[in-house]
Amino acid sequence: MEAPFVAVARADAIAPGKFLRVEVAGRPYLIARVEDRFYAVEDNCSHEDYPLSYGCLDGARIKCSLHGSRFSLETGQPEDEPADEPIRTYRVALADGQVWLDPSTPSNLA
Ligand code: FES
């Protein structure tokens with residue numbers, strides 16, 4: 001893979017239904033696996049700047065452990081109150097057994 005993609009984890013290090021917190025250039029991201037699909041989102045709740053990695057997956061959603069908002073891993077949109085702003089999602093790719101993240105631009109917020 002070429003820049004701006006960065007290798008962030010071995011694909012087999014993230015089991016289906018699990019996620020991993022990674023940092024790229026000092027910024028935290030959450031790499032989640034739902035069945036055989038990988039997603040990347042910022043590790044920060046849009047409600048009160050709280051790490052989403054303290055939460056848990058609910059299907060293809062990440063649930064914030066502080067107030068319970070769930071966000072789509074696909075679109076970043078909140079599906080429950082109190083959050084009313086989306087989180088940033090990022091492009092991911094699989095190559096050479098690795099998960100690659102493009103941290104350059106959120107894929108859901110142009
Ligand atoms: S900080 Fe995440 S829902 Fe409030």
Just wondering, is there one or more residues in the stretch 23-30 that are assigned to a strand (DSSP E or B) and among the small types (Gly, Ala, Ser)? no
Let me confirm something: among 61, 27, 91, which residue is under 17 Å from residue 7 (Cβ atoms), touching a Leu at 6+ places or on another chain (Cβ under 8 Å) and charged (D, E, K, R)? 91
Pairs, please: C-beta under 6 Å, at least 6 apart or cross-chain, first residue under 14 Å from residue 41 (Cβ atoms) and in the stretch 1-23, second in a helix (DSSP H, G or I) and open to solvent by less than 100 Å² (accessible area, probe 1.4 Å)? 21/53
Anything in the stretch 36-50 that is at pLDDT 95 or above, part of a loop (DSSP other than H, G, I, E, B) and within 22 Å of residue 16 (Cβ to Cβ)? List them, or say none. 43
Return the residues of the stretch 14-67 that are touching a Cys at 6+ places or on another chain (Cβ under 6 Å) and either more than 21 Å from residue 102 (Cα to Cα) or open to solvent by 20 Å² or more (accessible area, probe 1.4 Å) (or both); say none if nothing qualifies. 55, 63, 64
Filter the stretch 68-110 down to residues that are among the hydrophobic types (A, V, I, L, M, F, W, C), buried (at least 16 other Cβ atoms within 10 Å of the Cβ) and without any contact (Cβ under 8 Å) to a residue 40 or more places away in the chain, then give me how many there are. 2
Of (1) in a loop (DSSP other than H, G, I, E, B); (2) in contact with an Asp or Glu (Cβ under 9 Å, 6 or more places away or on another chain); (3) without any contact (Cβ under 8 Å) to a residue 40 or more places away in the chain, residue 53 fails just (1)
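The values are calculated or read from the model by the stated rules, or taken from the named source; none is laboratory data. Everything numeric here is computed off the predicted structure, so don't read it as measured data. Note: ideal-geometry Cβ built from the backbone for every residue, glycine included; neighbour counts use all protein chains shown. In case anyone asks, the SASA skips ligands and DNA or RNA and just uses the protein heavy atoms, side chains included. Shrake-Rupley method; radii C 1.70, N 1.55, O 1.52, S 1.80 Å.
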